[in-house]
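Reviewing the structure listed below.
Every number in this text was worked out from the coordinates using simple rules, so none of it is lab data. Source: prediction; values computed, not measured. When we count neighbours, we look across all protein chains shown, and the Cβ atoms used for this are built from the backbone with ideal geometry, even at glycine.
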Amino acid sequence: MRTVLSGFLLVVGTVVATLGFARTDPKEPGWRQKIQIHYPVAAAGLVLMLTAIALRYSGRVAPADRGRNDSDDPAAPPSTGIDIGAIRQALSAARDQIRTLEQEEGETAVPPAAIERIVTAHLMPIIERRHQILEQLGGRRFAELFGVIAEAERWLNRAWSAAVDGYPAEVNRSLANARRDLESALALVESWLVPGTR
Amino acid sequence: MSVRNEKYPEVTLAAIVVGTVVGILLVICSTYSGLLMGFTIGGSALAAIVGFGILRGLLGRGTIIENNINQTVASGINIATAGVIFTIPAFYLMDQEFNFALAAASSAAGAALGVLFIIPLRKQMIELDRLRFPTGTAVAAVLRSPGAGVKKAVVLAVGLIVGAVVTALTVAGVLPKTVDLGPLVGSPPYVANVWAVSVFSLGAGYITGAPGLVVLAGGILAYWLVAPLAVEWRWVDPELINQLRHASGPATYQAGAEIAQWIRANINRPIGIGMLVGGALIGVLLSLPSMGGALRGLARAGLKETREELPLSVLGLGILAAFVLLVVATKTALPEAELGTVLLIGLLATVWIAMAGLVVAQATGMTDWSPISGLALLSIVVFFLLGKEATAAILIGAAVCVAIGECADMMQDLKTGHLVGAVPIRQQVVELAVVAIGPIVCLLVLDVLARGPGIGPDSTMKLTAPQAQAVVATIEAVEGGGVPWGKYAGGATVGGLLSLSGFPGLGVLVGLSMYLPLAYILTYGVGCIVQVVTARVVGRQAAEDWGLPFAAGLLAGEPLVELGYVLYRLAFTAAAGGAAAS
């Protein structure tokens, strides 16, 4: 209900404020008088928008309070609001898949589809939940974690390209780099699960 | 597929040479089409296709990431055209002399600043915000097509053919460029209900998906709610209202279209530009914690075994060098001005480039549209008021315009690079190495065309430079004291609040929807809706796997035909010139 009301006020406020500001052009004759009429309209629109924003943020107070320790205090572990364990599981699965491909690499060429599967099956589900993760972890931790995950993803993309182009040495090197980044991401997540390690 | 054990080629001489040649060819065609018809040709997708043809087809080589370097070079050279032809032809239109070296120096400085300022934001926009950058995503689909399987390559080819055929039919006049549904549905004549026949917009909308629906909603609010109210309350030029009253039959819709055009130019556009700037700035403030994390990551990247990003120290030095070049160009254009004033103008121009570049990169990342012309006009207004002199304002406007184009292009290329696994620093270095070529070639072509067919508003002249006419009109308006500051400031406040509302980038998206013509927003919106419906019906993965290559084909098909058309026009002009000479 709060979300619907906030959205409605935001739309109405935007329209009213836009209409108010639409009449503030100094090149029009009598613009000073028009401004006296239209600035109050614009101000009313802005008030509606501010109310919408206040409603929206007040709705977030509970989760924000719950996850207060998640923000930017490096020593505090994140709250249980987000399933960090699931992230750890997905990252571990991706790393293990890469290890398997690295071991197979010596025997046969790695098929590009197998590399793509690691991204779509293990990394994408985490990436798609990034907005919730950002809200829970706070900007700094989110950037640390997702910066490393995105690098791993880019190395996997490079391994895919090299596999398509037929460069096995590059496939191997890129997979190793992707695994290294995923291990960094895992270390980061694990440090948050054990209080006081960071 | 042969298996090779040598090093994986990425930055090669072949990729750079092919990219440079394609880029220069695109600059020539874009300069001509921009002066004649007011549009430039998008280079990334074309360069990827042509690069494949040359590198793989003719030279029998060319890896995916090598072709990515080729398209990075070509688009980096080509994108500068938009900035130069938007601003510099104003000198010809005002019948004013200008110094070629000065124009080249300021445009090149702007190009370098654009790339240097946007590089530190790669992590934030591509890795953390994961902005879609539809053209960058489409180019990646083209580059990945050899490995994506035959079926997906066929889907991409079908998209490309459909895109090319529809565009060819509109260029030939068989299909209209826009369809006015107003008379059909009986909507009031001043309510814009024109739909663009643009496969590019459709494809971009599909790739953007659900987030693009905000642009559609904003466009509907601006054009179908605010505009009719503005007419109802008599805010529009009374002469236009009179024309509408006395019109009958098809002339009614013509008069209505003029009113809609007036509302867009005088209400929606300035408020939209304000919203874009305010929305982007608040967005940046809200992203500061994660941006700090991303920048720390950038600093840490220098400690790794292999460097993946240009270090901040190099970026800083480059920005300083470009700033000095910009100051020298400004001082030469304003010899009477005191050094303090020139330094202030140079500093403001540099800061404005960073800010405007950010706005454009965000807008491009979210929707594929960049409000380059609006921000360039605003720059010219600001710097004309500061320097009180048109020459310096146009030169700085050119620098800003080229810079913000390069910002958007660098980010599109880095997005493509992320998707194909390129090493960012390699793309960044090659883009910086070639970034000055575009403005210089464009200025040379401009000079040749000015001596040949001629550039000017006179109807006997062939090249009317429609975009530069807007620059001249703006300078004249500023001289007359008619800058809509209230609308810019009001728009910025609304945009800032929208971005504060908890929806990422909302201020930028709504600002874009007010700024852009509704015809393209509607077609783009159809693309977004098709994606949402397809994802619901066949599932998200299938919509991505099969819809994306088709949309990428649509995106590539339109510029391909436009390039062919411009080449045809150029050949026709040359033949006509030869016949006249003989």
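Most tightly packed first, judged by the mean number of other beta-carbon atoms within 10 Å of their residues, the peptides B:354-360, B:259-265, B:551-557 read B:551-557, B:354-360, B:259-265. Checking the cross-link pairs B:Lys388/B:Lys487; B:Lys152/B:Lys415; B:Lys415/B:Lys487 against a 24 Å limit on the alpha carbon distance flags B:Lys415/B:Lys487 as lying beyond it.
Taking every full run of DSSP H in chain B, the ones that stretch at least 24 Å from end to end by Cα along their long axis and average 1.0 or higher on the Kyte-Doolittle scale are B:13-36, B:100-118, B:150-171, B:269-286, B:312-333, B:339-367, B:390-420, B:518-538, B:548-581. Just how far, in whole angstrom, is the range B:187-235 from the range B:156-182 if you go by their alpha carbon centroids? Here the answer is 20 Å between Cα centres.
Neighbouring Cβ atoms from other chains, within 10 Å of the Cβ of residues in A:143-155, number 6 on average.
Between the range B:31-104 and the range B:529-545, the C-alpha centres lie 34 angstrom from each other.
Considering only alpha-carbon pairs that sit under 8 angstrom and 6 or more positions apart, the relative contact order computed for the range A:69-193 is 37 percent. Where q = 0.20 Å⁻¹, what log10 of I(q)/I(0) comes from the Debye formula for the range B:380-533, counting one point per Cα? Those come out to -1.32, one per q. Mean partner shielding of peptide A:164-175, defined as the number of other chain Cβ atoms within 10 Å of each residue Cβ, is 5.
Each Cα pair under 8 Å and six or more residues apart adds its sequence gap; the mean of these over the residue count of chain B is a relative contact order of 34 percent. Packing, taken as the mean count of other beta carbons within 10 Å per residue, orders the peptides B:420-430, B:342-352, B:230-240, B:510-520 from highest to lowest as B:510-520, B:420-430, B:342-352, B:230-240.
Across peptide A:8-15, the mean count of Cβ atoms from other chains lying within 10 Å of each residue's own Cβ comes to 4. Here the protein assembly as shown is treated as a sphere whose radius is the Kirkwood value from Cα pairs; by Stokes-Einstein at 20 °C and 1.002 mPa s it diffuses with a coefficient of 79 µm²/s. Taking the helices alone, the protein assembly as shown has a mean residue ellipticity at 222 nm of -24000 deg cm²/dmol, built from -39,500 (n - 2.57) per DSSP H run of at least 4 residues and averaged over all its residues.
Under 5 Å between amide hydrogens, built in the peptide plane, is the criterion, and for B:Leu463 it picks out B:Gly456 among residues at least 5 positions away or on other chains. Among A:1-8, B:408-415, B:280-287, the peptide with the highest mean count of other Cβ atoms within 10 Å heads the list, and the full ranking is B:408-415, B:280-287, A:1-8.
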